[in-house]
1. What FRET efficiency, computed as 1/(1 + (r/R0)^6) with R0 = 25 Å and r the Cβ-Cβ distance, is obtained for residue 224 and residue 199, rounded to the nearest 0.05?
2. Given R₀ = 45 Å, FRET efficiency for residue 104-residue 191 by Cβ-Cβ distance, to 0.05?
3. Considering the chain as a Gaussian network with a 10 Å cut-off on Cα pairs, which listed residue, 118, 163, 140, attains the greatest mean-square fluctuation?
4. Across all directions of projection, what mean area in square nanometres is found for the Cα convex hull of the chain?
5. Pop a pseudo-label 7 angstrom from the Cα along the beta-carbon direction at both residue 41 and residue 80 and give the gap in nm to one decimal.
6. Give me Rg over Rh for segment 126-220, both radii from the alpha carbons and Rh done the Kirkwood way, two decimal places.
7. Beyond 17 Å, what share of the Cα-Cα pairs of segment 2-119 remains, rounded to the nearest whole percent?
8. Rounded to whole Å, give me the distance from the Cα center of segment 122-168 to that of segment 7-33.
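Read the figures in this text as sums done on the coordinates, not as results from a lab. Treat the numbers as computed from the prediction; the structure is a model and nothing was measured. So basically every Cβ, Gly included, is an ideal-geometry build from the backbone, and we count neighbours across all protein chains shown.
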């Protein structure tokens, strides 16, 4: 999942980037409201974490512009001010939740997961490919009766491939959606991640589901290997 952070405080940005990255989220960042609104309107984000006090355009102004577009991406607002009026201004402008600084990352994560569940209520909660089941809500995967012990990035990679099963995804697409839009695509991080995921996904004797398409990328699908 892809998250946009609109925040001008470097320490907060670093804190959120590290924490969300460890949870398997891909993160983009804008330092002011003008750039933040542009990214929010042109990017495909699952949620936005938005500071109220921003240079150029404040968070409430950004949110009003976003909702007027219209754009219904879930938004959590961050602020150092904890008054009823401040909360009402943010919620009235279209925020889905409101968190006061300083905040616990665990609380932010819980609220983020809650609005993502609400925002994706219309989507299927799990994907199945042969005997592989990927639970997109609980963030776990099983192969038959075997639980797959995946890292956050491995699960993010598997979830992407599962959601778009039978579609060949290039290394560039994978790095943008699983890691970061500006990730250095010259690195072999995708090959390494696929190799590790495949080792956990396909035990000896199990059907092959994760396939490499030479010169194009990777695809997750069940194939009929029976000779004609």
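1. Working: r = 24 Å, r/R0 = 0.96.
So, using R0 = 25 Å, E works out to roughly 0.55.
2. Values: r = 37 Å, r/R0 = 0.82.
Rounded to the nearest 0.05, the efficiency is 0.75.
3. 118
4. Working: hull surface 57.4 nm².
The directionally averaged projection comes out at 14.4 nm².
5. 2.9
6. Working: Rg = 12.7 Å, Rh = 13.5 Å.
Rg/Rh for segment 126-220 comes to 0.94.
7. On the way: 3391 of 6903 pairs.
Counting every Cα pair in segment 2-119, those more than 17 Å apart make up 49 percent.
8. Here the answer is 25 Å between Cα centres.
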